[in-house]
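Peer 1: A single structure is presented below for examination.
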Amino acid sequence: MKRRKHDLGEWLMAVRPWSFPASAMPVVVTLAYLFACHETVNWLNGAWALLNIVLFHAASNIWSDYFDYKHKVDTEESFGVKILTSGQFAPKEIFWGALLLLGVACLAGAGLWLRTGMPLLYIGLGGLACAVLYPYMKYRALGDIVIFISYALLPMLGTAYVAVGRIDWQTFYLALPVGLITVAILHANNTRDVQTDRRAGIHTLVMCLGRRASVGLYAFEVLFPFLWISYYAANGVLPAWSLLIWLALVPALQNTRSAVRSFKEGAAVIVRLDEKTAQFQLLFSLLLAVAFVLAGYM
């Protein structure tokens, strides 16, 4: 029987747009930081960079889904979007959809590279490698590192370069806290899915550490950023307005409490912890971006 064509809504569901803040917010925070530093920002290039990272993220989402289905990491028992396990999409549709999105993202990136310079080519190739190799690395307990590089370090360095024309290594002060929270989204997902991942024969950082150490690492990833930003704000590296991030402490503590409760109550307690961590990341990053904008005007 001929498979019907999918409408835009179904493809939007497949690429999971609610996950895009994880990649978009590092770009937004970087642009706000540059504004606070009173840099002359090329906002067109900044917006271009934002669109490009979202395109790469969309492609990476379904690229990862394809390999998770192929390696039986995602089954009917798995949590999350079931675009393949439910039969809504055929594997080849997702495979070619991912390649198409990667191609569009590469073309958009090439256009931005031609507007800027060679450093962006190296950053872009690094991001492309992370996107393509992510499933392979995730199955070998290296997914957390890839996520930090591709959704924090590289996009923040790249955004600074295209917006002000140079590599600004001070963005590392922001890449670490924002990146740790983004990694915590994956870590929460892997903590919840440890049983199905084990049955699939893959290895994640959660499996290597054990549940107790994994919960401790999750707590570190969501709470340490408050201390990091506060330290550099107190020392004048970041503006005092950066302390606005403490308004996000309550959801951080609530999420940490859920992770701790999973010791006694099992994975049911953290079914939505990855989603709640993503919401916390959005709040934390928005507060930090607002803080930089306020500092730029003051």
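The values are calculated or read from the model by the stated rules, or taken from the named source; none is laboratory data. Source: prediction; values computed, not measured. Cβ atoms come from the backbone with ideal geometry, glycine included; neighbour counts cover every protein chain shown.
Peer 1: Being of a type in the set (A, V, I, L, M, F, W, C), more than 27 Å from Leu217 (Cα to Cα) and touching a helix residue (DSSP H, G or I) at 6+ places or on another chain (Cβ under 9 Å) is true for just one of Leu107, Leu102. Which residue is that?
Peer 2: After applying the criteria, what remains is Leu102.
Peer 1: Then there's this: Is there any pair with a first residue in segment 27-52 that is at positive phi and a second that is in a helix (DSSP H, G or I) and not acidic (Asp, Glu) whose Cβ atoms are under 7 Å apart and which are 6 or more apart or on different chains, and what are they?
Peer 2: Pairs that qualify, where the first residue is at positive phi and the partner is in a helix (DSSP H, G or I) and not acidic (Asp, Glu), are His38/Gly296.
Peer 1: Among the residues of segment 167-190, is there at least one that is over 23 Å from Trp228 (Cβ atoms) and more than 15 Å from the chain's Cα centre (by Cα)?
Peer 2: no
Peer 1: Under 8 Å between Cβ atoms, which residue pairs at least 6 apart in sequence (or on different chains) link something in segment 149-162 that is in contact (Cβ under 8 Å) with a residue 12 or more places away in the chain and within 14 Å of Leu50 (Cβ to Cβ) with a partner that is assigned to a helix (DSSP H, G or I) and basic (Lys, Arg)?
Peer 2: Every condition considered, the pairs that remain are Val162/Arg115.
Peer 1: Further question: Do any helices (runs of 4 or more DSSP H) entirely within segment 166-281 hold 3 or more residues that are under 21 Å from Leu154 (Cβ atoms) and modelled with pLDDT of 90 or more, and if so, which?
Peer 2: 172-192, 211-234
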